[in-house]
Amino acid sequence: MKFPRPYHLFVVDDDFSQRARLCAYLEKYGLLITQMKTGEEMLLRIHRVRPDLIVLNAVLPNMSGLCACRELRADGDRIPIILLNDHGDDIERVLALETGADDCLSEPYTSRELLARVRAVLRRASSAPGGLWDSNVPIQIGDYEFNVARRSLIRGKDVRILKTVEFSMLAELTVNAGISVSRERLRAVSHGRDQAISLRAVDATVVRLRKLLEPNPGAPRYIQTVRGHGYVFIKNEQKGWHERST
């Protein structure tokens, strides 16, 4: 069963064949994957592109996965992390969890088991306060409530069911509130990997959402343009957006 939206994962492993095998398997379930070989590369990329989850090999050249995990947590970053370990003893697992990993998977493991762990970690992260996406808690956007479970915008007795493309795009923007989301990313979550879809289709969908949500679509308050990159959703209580993007 595919995920409710195309979550973005970093898969960090210097073993090309293992990395390619895992990524090919995870992509079959609708996940967007960015591959990289080192912990240093991951730490650099994460300031420009924010994933929903990181699958990180504990044993990497130069900077180990444990060190990379520790550095992220030291910066206060709570992105979910699954550490992959070559050793199956309890000491290694405890060390991984104490370092800040959300889960630890030891050899031998199957791609199916990793997928199950990814689902579980994303589910926990989504249900946590301020988590990725709690579908039971409506998101207030001006006078509207964005009801994720019902895929609709609600204002009093007025209920507007969103089209799939509109829902996917608004969900991606709201789950990244205050963070700039690229047009390419919005195209991916709403249209999959179909490169034939123009980025102008993203702009057209944003125009439709603004007409629904904004008191003045010409001067948007909630879905703002980030010139040269994409769009950002600003919550009712927020005044601006962060210099971080996906």
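Taken together, the values in this text are just the output of simple stated rules run on the coordinates, not laboratory data. Bear in mind the structure is a predicted one, so any value in this text is a computation, not a measurement. Note that each Cβ is placed from the backbone with ideal geometry, even for glycine, and that neighbours are counted across all protein chains shown.
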When the Cα atoms of the chain are enclosed in a convex hull and the volume is divided per residue, what value in Å³ results? 132 Å³
Once the in-chain neighbours fewer than 8 apart are removed, the lysines whose Cα is under 29 Å from K28 read K2, K37, K163
Rounded to 0.05, the calculated FRET efficiency for the beta carbons of A219 and I91 at R₀ = 51 Å is 0.30
As straight-line cross-link partners of K235, the qualifying lysines (C-alpha separation under 20 Å, not fewer than 8 residues apart within one chain) are K211
Where the centroid of each part is defined by its Cα atoms, how far is region 1-56 from region 181-228 in Å? 24 Å
Peptides 156-168, 45-57, 111-123 ordered by average Cβ neighbours within 10 Å, highest first: 45-57, 111-123, 156-168
With the convex hull built on the alpha-carbon atoms of region 139-233, volume per residue in Å³ sits at 90 Å³
Can you give me the Kirkwood hydrodynamic radius for region 8-126, using every pair of distinct Cα atoms, in Å to one decimal? 14.0 Å
